[in-house]
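Enquirer: Below is the structure I would like to discuss, written out as structure tokens.
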């Protein structure tokens, strides 16, 4: 993992701008719109993939870039989801304002808990992130008057986006809405990762001692990364609340954090696209396998994890990189190394 | 008064089970610096194997207990040699993910063989019923679990503090590189410690099956619980793990009796408080 980080660091030291600006986002849009026309009957499921993709992307920033080993990332996502749901019910039905509310809530949870938790390290940190998410889960479960408890928070309805695009039964609007939010978020996250700020994050990931010796306030830096990650996780939660029109306790559960981690590792955590590759592969395989037998699905995912850790530490994205580096047109995708 | 006694009896026996299951995890973490999330899988393997032995071979509980524990120890050796050893010295995340992958496979396997419902482990007749102590009666089973826990903690204490094997273990926990240079075969030590830890987990899983029932998701369900005991106690210490297991067992049981709806919150809050005040755990050395 350290070797990958180092390679990234040297690549970023010599910035290679993409030949085409917004190339990754354009590719994302092309794939997304292609899927829109190819699978018109599965748009609800595809929208779920996009939302989960955004969540895993936020984890990629926190864990893949800065190396913060959180197993309670669902705390931000769930808080964002409940915040957006409550916002739509009690304050305003404007979807964009709801997104903002969810993102802010996720960020606030991250900054408050991160300030305390990031003073610890290793397994203690991992356990504390689990504890935070579980405590929030129980609070949401107990405060049924506010959150609906076990039954979930229902009755969420939002106005048409920008007053024009109303949500329809076939999830067309939700899908394109999720795609647009994902694209904008991807652009922001990619800019962060490619910036000196992102380089510092990878530096802390590779060697925190040395970064401290260089005069970097690693605690403050990690807290900022953790907060940005929480913000985007909250955004993903808000998106899911608006699209599904219901928020369940599962959005705060340990399983949600664990699944996201598996998707990230299988896809590859060193670069942002790995998060999306992992999400798409995981969710499609799960969708197919779970209809056969949910337990047999665990054989596949368990085997996938072991193989990834032992044989393919860079995840599936490293296979893509390996192949594309040997293609005649390899100069084409080069600028997008981090993004 | 009666409720206080009930909390004490249930909490202590619950803590003992947590201790027996988690101590192997604590030792391997202190010794190999490896996070083996699949440790609960050994407890689960033990429980299912004992149930299978009793059902198919018709042996007594005690024989099944011994056979299953030994079998789990034997199974754990190739797992350590072939899989877990690959991630020694790697990032904590790699270790966690490899062992989570292992859990998924164990869970899926248990489901395939035993189904998704609870598999009951029949305890012998002489452990059912009640025993009178003074004016109070307490369940024989809870007493048995508590005594078993005390015997194991005493045996472990003697083995680690008073034998030459224990000296080598402690040396390797303190500094494995130096232990190796003075001629301690750490690789062999790791395998033995791993196997003993696995056998103890199996033992705990079997005798604790009345408190933590055997089902195919066992290894996942109690994962956070075991990790909490180890981190709160401070990894690699027998006394720390013992104290943490009792503390968390009592906190959880007291909450179940007093404020049932907040029981799991109480557990996590207890863990949260200890870890924020003492990140290295109750008895752990500073990290």
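Enquirer: Taking 41 Å as R0, compute the FRET efficiency from the Cβ-Cβ separation of residue A:154 and residue A:197 and round it to 0.05.
Expert: 0.55
Enquirer: Let me ask another. Translational D (Stokes-Einstein, µm²/s) of the range A:94-236 at 10 °C and 1.306 mPa s when Rh comes from the Kirkwood sum over C-alpha pairs?
Expert: 89
Enquirer: Mark the label point 7 Å from the Cα of residue B:188 along Cα→Cβ and return the residues of the range B:163-182 whose backbone N is within less than 18 Å of it.
Expert: B:163-173, B:176-182
Enquirer: Report the convex hull volume per residue for the protein assembly as shown, counting only C-alpha atoms, in Å³.
Expert: Value for the protein assembly as shown: 168 Å³ per residue.
Enquirer: Give me the distance in nm between label points sitting 7 Å out from Cα along the Cα-to-Cβ direction at residue B:122 and residue A:307, one decimal.
Expert: Going by the 7 Å Cα→Cβ label model, 4.3 nm.
Enquirer: Now for a different question. Hey, rough spin-label estimate for residue B:60 and residue A:281, points 7 angstrom out along Cα→Cβ, what's it come to in nanometres?
Expert: In this crude label model, residue B:60 to residue A:281 measures out at 5.4 nm.
Enquirer: Does the range A:158-223 come out rounded, prolate or oblate, given a ≥ b ≥ c as the square roots of the eigenvalues of its C-alpha gyration tensor, rounded meaning a/c under 1.5 and, failing that, prolate meaning a/b above b/c?
Expert: It is prolate, given that a/c is not under 1.5 and a/b is the larger ratio.
Enquirer: Turning to a different aspect of this structure: Please average, across the residues of B:270-283, the number of beta carbons from any other chain that are within 10 Å of each residue's own beta carbon, and give a whole number.
Expert: 4
Enquirer: Right, another one. Decide, for the range A:69-150, between rounded, prolate and oblate: order the square roots of the alpha carbon gyration tensor eigenvalues as a ≥ b ≥ c, take rounded if a/c falls under 1.5, and otherwise choose prolate if a/b is larger than b/c, else oblate. Each step should come with its number before you reach the end.
Expert: Numbers: a/c = 3.26, a/b = 1.70, b/c = 1.92.
Oblate shape, in that a/c is at least 1.5 and b/c is the bigger or equal ratio.
Enquirer: If I model a spin label as a point 7 Å beyond the Cα along the Cα-Cβ vector, how far apart are those points for residue B:273 and residue B:135 in nm?
Expert: Distance between label points: 3.1 nm.
Enquirer: Based on the alpha-carbon gyration tensor of the range B:47-118 and its eigenvalue square roots a ≥ b ≥ c, which shape applies: rounded if a/c is under 1.5, prolate if not and a/b is larger than b/c, or oblate?
Expert: Here the range B:47-118 falls in the oblate category.
Enquirer: Here's something else I'd like to know. Could you sort the peptides B:109-121, A:248-260, B:184-196 by per-residue average Cβ neighbour count (10 Å cutoff), highest mean leading?
Expert: A:248-260, B:184-196, B:109-121
Enquirer: Still on this model: First obtain the Kirkwood hydrodynamic radius of the range B:1-155 from its Cα pairs, then insert it into the Stokes-Einstein equation at 4 °C and 1.567 mPa s, and state the resulting D in µm² per second as a whole number.
Expert: My calculation gives 73 µm²/s for D.
Enquirer: Further question: Return the FRET efficiency for the residue pair residue B:258, residue A:250: r is the Cβ-Cβ distance, R0 is 41 Å, and the value is rounded to the nearest 0.05.
Expert: 0.90
Enquirer: Next up: Considering every Cα-Cα pair within chain A, what fraction, in whole percent, is farther apart than 38 Å? Can you show the working numbers first?
Expert: Details: 6989 of 57291 pairs.
Value for chain A: 12 percent of Cα pairs lie more than 38 Å apart.
Enquirer: Sticking with this structure for a sec: May I have the pair-distance distribution P(r) for the range B:146-287, computed from all Cα-Cα distances with 10 Å bins from 0 and rounded to whole percent?
Expert: Reading upward from the zero bin: 10, 34, 36, 16, 4, 0.
Enquirer: Between residue B:174 and residue B:8, what FRET efficiency follows from the Cβ-Cβ distance if R0 is 41 Å, with the result rounded to 0.05?
Expert: In this case the efficiency is close to 0.70.
No lab work stands behind these numbers, since they all come straight from the coordinates. Predicted model only: the values in this text are computed from it and were never measured. Positions of Cβ are generated from backbone atoms using ideal geometry, with glycine treated the same way; all protein chains shown enter the neighbour counts.
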